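Engineer: If you scroll down you'll find the structure; I have some questions about it.
The values are calculated or read from the model by the stated rules, or taken from the named source; none is laboratory data. Given the structure is predicted, the values throughout are model-derived calculations rather than measurements. Every residue, glycine among them, receives a Cβ derived from its backbone with ideal geometry; neighbour counts consider all protein chains shown.
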Amino acid sequence: MKLIYCTCNVSMLETLIEVIEEEKISEYQIIEQVLAKSRHSEPRLNTPVWPGYNSAVLMQVQEEEKVNNLIARIKEMNKAAFNPADLITLCVLKLDEYIFE
């Protein structure tokens, strides 16, 4: 099983969720306001100096094919991004245990 962590500008959250749903990934959590600094864009710290914020999505995915499809879709989206602020970060980690009972 894999834990996938994605973070993006809040303006990209709806698009990211659509892709997740299209890939039939059914277990995920959304953290709507994430303060962030990135080498690809200005900081988003939700302050007057650095306005805006990111959102994060965490997913638990058993099927390797779904993981690979999501990675490919995010890479496509990033290639087509209008500007660096629209890039989506994706991290995949091995999930040793997942208890939900």
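Engineer: How do the pairs read when you match residues in region 17-42 that are at pLDDT below 95 with residues anywhere that are assigned to a helix (DSSP H, G or I) and crowded, with 16+ Cβ neighbours inside 10 Å, using Cβ under 6 Å and keeping only pairs 6 or more apart or on different chains?
Structural biologist: Correct list of pairs: Ser41/Ala85.
Engineer: Consider Leu90 carefully, then state whether it is closer than 14 Å to Leu16 by Cβ, outside any helix (DSSP H, G or I) and touching a residue at least 60 places away in the same chain (Cβ under 8 Å). Steps first, please.
Structural biologist: On the way: closer than 14 Å to Leu16 by Cβ: yes; outside any helix (DSSP H, G or I): yes; touching a residue at least 60 places away in the same chain (Cβ under 8 Å): yes.
When the stated conditions are applied, Leu90 passes them.
Engineer: Among the charged types (D, E, K, R) and either in a strand (DSSP E or B) or surrounded by 13 or more Cβ atoms within 10 Å (Cβ to Cβ) (or both): does that describe Lys66?
Structural biologist: On the way: among the charged types (D, E, K, R): yes; either in a strand (DSSP E or B) or surrounded by 13 or more Cβ atoms within 10 Å (Cβ to Cβ) (or both): yes.
When the stated conditions are applied, Lys66 passes them.
Engineer: Filter region 50-63 for residues that are closer than 16 Å to Leu95 by Cβ and in contact (Cβ under 8 Å) with a residue 12 or more places away in the chain; which is surrounded by the fewest Cβ atoms within 10 Å (Cβ to Cβ)?
Structural biologist: Here is the first cut: in region 50-63, the residues closer than 16 Å to Leu95 by Cβ are 57-63.
Retained after the next criterion (residues that are in contact (Cβ under 8 Å) with a residue 12 or more places away in the chain): 57-62.
On the way: Val57: 21, Leu58: 15, Met59: 22, Gln60: 16, Val61: 23, Gln62: 12.
By that ranking, first place goes to Gln62.
Engineer: Is there a residue in region 2-11 that is in contact (Cβ under 8 Å) with a residue 12 or more places away in the chain, aromatic (Phe, Trp, Tyr), surrounded by 16 or more Cβ atoms within 10 Å (Cβ to Cβ) and not in a helix (DSSP H, G or I)? Break it down stepwise before answering.
Structural biologist: We begin by selecting, within region 2-11, every residue in contact (Cβ under 8 Å) with a residue 12 or more places away in the chain; these are 2-11.
Restricting the remaining residues to those that are aromatic (Phe, Trp, Tyr) gives 5.
Retained after the next criterion (residues that are surrounded by 16 or more Cβ atoms within 10 Å (Cβ to Cβ)): none.
No, region 2-11 contains no residue that is in contact (Cβ under 8 Å) with a residue 12 or more places away in the chain, aromatic (Phe, Trp, Tyr), surrounded by 16 or more Cβ atoms within 10 Å (Cβ to Cβ) and not in a helix (DSSP H, G or I).
Engineer: Any idea how many residues of region 49-100 are charged (D, E, K, R), over 13 Å from the mean Cα position of the chain (by Cα) and at pLDDT 95 or above? Let's see the steps before the verdict.
Structural biologist: Initial filter on region 49-100 (charged (D, E, K, R)): 63-66, 73, 75-76, 79, 86, 94, 96-97.
Applying the additional criterion that residues be over 13 Å from the mean Cα position of the chain (by Cα) yields 63-66, 76, 79, 94, 96-97.
Keeping just the survivors that are at pLDDT 95 or above gives 63-66, 76, 79, 94.
Qualifying residue count, region 49-100: 7.
Engineer: Look through region 12-42, keep the residues that are among the charged types (D, E, K, R) and outside any strand (DSSP E or B), and return whichever of them is nearest to Met59 (Cα to Cα). Before you say what the answer is, go through the steps one by one.
Structural biologist: So in region 12-42, the residues among the charged types (D, E, K, R) come out as 14, 18, 21-24, 27, 32, 37, 39, 42.
So of that shortlist, the ones also outside any strand (DSSP E or B) come out as 14, 18, 21-24, 27, 39.
On the way: Glu14: 15, Glu18: 14, Glu21: 11, Glu22: 14, Glu23: 12, Lys24: 11, Glu27: 6, Arg39: 24 Å.
Within region 12-42, the match that is nearest to Met59 (Cα to Cα) is Glu27.
Engineer: Okay, next question. Can Glu32 be described as charged (D, E, K, R), on the phi < 0 side of the Ramachandran plot and touching a Ser or Thr at 6+ places or on another chain (Cβ under 7 Å)? Talk me through it step by step, then tell me what you get.
Structural biologist: Numbers: charged (D, E, K, R): yes; on the phi < 0 side of the Ramachandran plot: yes; touching a Ser or Thr at 6+ places or on another chain (Cβ under 7 Å): yes.
Yes, satisfied.
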